Amino acid sequence: MRSRIGLIILVVVVLIVVVIGGFTLAGRLLDPRNTPQYAVALEFIEAVHRGDDAAAIQRITPELQTWVATNCPGGSISICLLGFYIPDDWGNLLSVVFRRSEPVGSAWNVDMIATYEHGLGFSGVCIYTLTSQQPDGRWLVSSWAGFISCGDARSRDMASNPDTPNRAP
């Protein structure tokens, strides 16, 4: 009888470990942060903040590259975003994290929250990007908006909110 109870306990423990492992693996596989749509948006924002225009330009569509060349001083994405949208008194970028994403046809709206050295309170800075898959299979940023406090009403529904500032194009 004791060996049966021991065997039942062992089977239950093994099943619990397998179930927990399965949920953990499924969570990682289904996490939107593990998608190329999010990765390219994050890489773009981080490249801009490093002042690495060469890396940033590789992560935007040709149409957005044309917009940048026309609308940003010297064709610099970093100058456009850091010089016009992000005030010096925010300080340096500390982190950018996933907020949410949703498919829009074959493209994806990807929202992120950035925190800066001198902060804007715990709400952070909301950033919107639209990513789209190119004919060669790469995902690129085709639009951005926001770079405003998440406490600002204009940061709501940035994909469709006409009041959201800093929209390109």
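The values are calculated or read from the model by the stated rules, or taken from the named source; none is laboratory data. Here the structure is a predicted model, which means the values were calculated and not measured. We place every Cβ from the backbone using ideal geometry, glycine too, and count neighbours over all the protein chains shown.
From the list LEU81, LEU94, the one residue that fits, being in contact with a strand residue (DSSP E or B) (Cβ under 9 Å, 6 or more places away or on another chain), part of a helix (DSSP H, G or I) and modelled with pLDDT under 90, is LEU81.
Filtered by the rule that a residue be over 20 Å from PRO162 (Cα atoms) and of a type in the set (A, V, I, L, M), the range 89-139 gives LEU93, LEU94, VAL96, VAL97, ALA114, LEU120. Here ASP89 fulfils each of the conditions (1) out of contact with any Ser or Thr (no Cβ under 8 Å at 6 or more places or on another chain); (2) assigned to a strand (DSSP E or B); (3) not aliphatic (A, V, I, L, M) apart from (2).
Residue-by-condition table, conditions (1) surrounded by 23 or more Cβ atoms within 10 Å (Cβ to Cβ); (2) within 15 Å of the chain's Cα centre (by Cα); (3) touching a residue at least 12 places away in the same chain (Cβ under 8 Å):
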{"position": "GLY124", "(1), (2), (3)": "no, yes, yes"}
{"position": "THR131", "(1), (2), (3)": "yes, yes, yes"}
{"position": "PRO135", "(1), (2), (3)": "no, no, no"}
{"position": "TRP139", "(1), (2), (3)": "no, yes, yes"}
{"position": "TRP144", "(1), (2), (3)": "yes, yes, yes"}
{"position": "SER149", "(1), (2), (3)": "no, no, yes"}
{"position": "SER155", "(1), (2), (3)": "yes, yes, yes"}
{"position": "SER160", "(1), (2), (3)": "no, no, no"}
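Residue pairs whose Cβ atoms lie under 9 Å apart, separated by 6 or more positions or on different chains, with the first residue in the range 56-81 and free of Cβ contacts under 8 Å to residues at least 12 places away in the same chain and in the same structural domain as SER143 (by TED's automatic domain parsing) and the second surrounded by fewer than 21 Cβ atoms within 10 Å (Cβ to Cβ) and hydroxyl-bearing (Ser, Thr, Tyr), are CYS72/SER78. Among ARG4, ARG28, which is the only one that is modelled with pLDDT under 70 and loosely packed, with under 13 Cβ neighbours inside 10 Å? The match here is ARG28. For TRP108, the conditions (1) free of Cβ contacts under 8 Å to residues at least 60 places away in the same chain; (2) buried (at least 17 other Cβ atoms within 10 Å of the Cβ) are fulfilled apart from (1). Taken over the range 70-87, the criterion of being loosely packed, with under 13 Cβ neighbours inside 10 Å and closer than 24 Å to ALA107 by Cβ is satisfied by THR70, ASN71.
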